[in-house]
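I have placed the structure first, in the form of structure tokens, so that the comments after it can refer back to it.
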Amino acid sequence: MEKRNQTVISEFLLLGLPIQPEQQNLFYALFLAMYLTTVLGNFIIIVLIQLDSHLHTPMYLFLSNLSFSDLCFSSVTIPKLLQNMQSRVPSIRYAGCLAQMYFFLLFADLESFLLVAMAYDRYVAICFPLHYTIIMSPRLCLSLVALSWVLTTFISLLHTLLMARLSFCADNVIPHFFCDMSALLKLVCSDIQINEMVIFILGGLVIIVPFMLIFSSYVRIVSSILKVPSARGICKAFSTCGSHLSVVSLFYGTIIGLYLCPSANNSSVKETVMAVMYTVVTPMLNPFIYSLRNQDIKGAWGRLLSKRIIHFSLGH
Ligand SMILES: *[C@@H]1O[C@H](CO)[C@@H](O)[C@H](O)[C@H]1NC(C)=O
């Protein structure tokens, strides 16, 4: 057996956001409001889609899954952040830290795979409109969702198990507001070569491959529109793909901003700000992007409300 002379760490300190103490309350209120908006917005989307049979199409079922994923994703980090902002010693237990890392990766990767499924759905809808219902059968939709879950469970479990076998040094201060994998790796004393290799390979799998798939489905969508250019076709494609394209841009925009932009001298602050972008802002905006200019969602909302009003007025 390998001799262990490192300190056994039972707790980590999460330094939180780089803000002044007197701004603490302001940011607490801001994050609480954003979190409640995220939960409410995504919850309404899920309920609307489940209740309204007009929305039982592949696109909306995927959207409902995406909203579920967003809701869980922000619940992994923000409640703990809010709790830590109020406590004197912002700590997290070792097991809690690994669990947070696991669920963070789980829902982040799930989002990435669901965006691919949605891109495929749009590709089939625009390039093969006549065969759409045959190709995008309920069985295929369920398989795509199930495959996303299986892949993401496997990937995040692998990262977490590889992290769990490492030993930490005496330093247990994480300069971040949640247990981020790369922030944790900086505190590790043992050899992290395997971890880095797995992060490199699987990171490519969950970021580059989905990006290429989404990109190629949009290339085909655009080329199929350009083959028979008509104002109506362009409008239709834009109205059905616009929301998805916005969500994709938001998702990959943050990733590109985080990894590809040359980092400033204060890279830890930049990382935290970008992390706030993808843990708080993106999950909050997704439901709005999908519902604001969307007639189907507005219609479902109207039907739901009018049903309730009729119900209410008949009952009294
Ligand atoms: C996720 O998608 C599947 C397959 O389309 C669907 O049956 C299911 O209701 C969706 N789940 C949620 C929570 O939206």
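Observations on the structure shown:
- Flag for Arg139 being among the basic types (Lys, Arg), within 30 Å of Leu245 (Cα to Cα) and surrounded by fewer than 18 Cβ atoms within 10 Å (Cβ to Cβ): yes
- Qualifying residue in region 97-109 (condition: in contact with a strand residue (DSSP E or B) (Cβ under 8 Å, 6 or more places away or on another chain), closer than 23 Å to Leu17 by Cβ and of a type outside the set (A, V, I, L, M)): yes
- Residue identified as away from the ligand (no atom under 16 Å from the Cβ) and either in contact (Cβ under 8 Å) with a residue 24 or more places away in the chain or under 25 Å from the mean Cα position of the chain (by Cα) (or both) among Val39, Val89, Val47: Val89
- Residue pairs whose Cβ atoms lie under 6 Å apart, separated by 6 or more positions or on different chains, with the first residue in region 200-213 and in contact (Cβ under 8 Å) with a residue 60 or more places away in the chain and the second not basic (Lys, Arg), are Val206/Asp109; Val206/Ser112; Pro210/Ser112; Pro210/Val116; Leu213/Val116.
- None of Leu106, Leu71, Leu63 is within 16 Å of the ligand (Cβ to nearest atom) and within 20 Å of Thr240 (Cα to Cα) except Leu63.
- Odd one out for Phe178 among (1) assigned to a loop (DSSP other than H, G, I, E, B); (2) within 21 Å of the chain's Cα centre (by Cα); (3) modelled with pLDDT under 85: (3)
- Among (1) closer than 29 Å to Val269 by Cβ; (2) over 22 Å from the mean Cα position of the chain (by Cα) - the single one Ala33 does not satisfy: (2)
- Residue pairs whose Cβ atoms lie under 8 Å apart, sitting 6 or more positions apart in sequence or on different chains, and linking a residue in region 265-278 that is of a type outside the set (Gly, Ala, Ser) to a partner that is modelled with pLDDT under 80 and assigned to a helix (DSSP H, G or I), are Glu271/Leu258; Met274/Gly257; Met274/Leu258; Met277/Gly257; Tyr278/Ile255; Tyr278/Leu258.
- Helices (runs of 4 or more DSSP H) fully within region 38-151 that include at least 2 residues being modelled with pLDDT of 95 or more: 58-86, 94-127.
- The residues of region 121-178 that are free of Cβ contacts under 8 Å to residues at least 40 places away in the same chain, away from the ligand (no atom under 15 Å from the Cβ) and within 30 Å of Pro58 (Cβ to Cβ), listed by number, are Phe128, Pro129, Leu130, His131, Ile134, Phe154.
The values are calculated or read from the model by the stated rules, or taken from the named source; none is laboratory data. Just so you know, these numbers come straight off a predicted model, no measurement behind them. All Cβ positions, glycine included, derive from the backbone under ideal geometry; neighbour counts span all protein chains shown.
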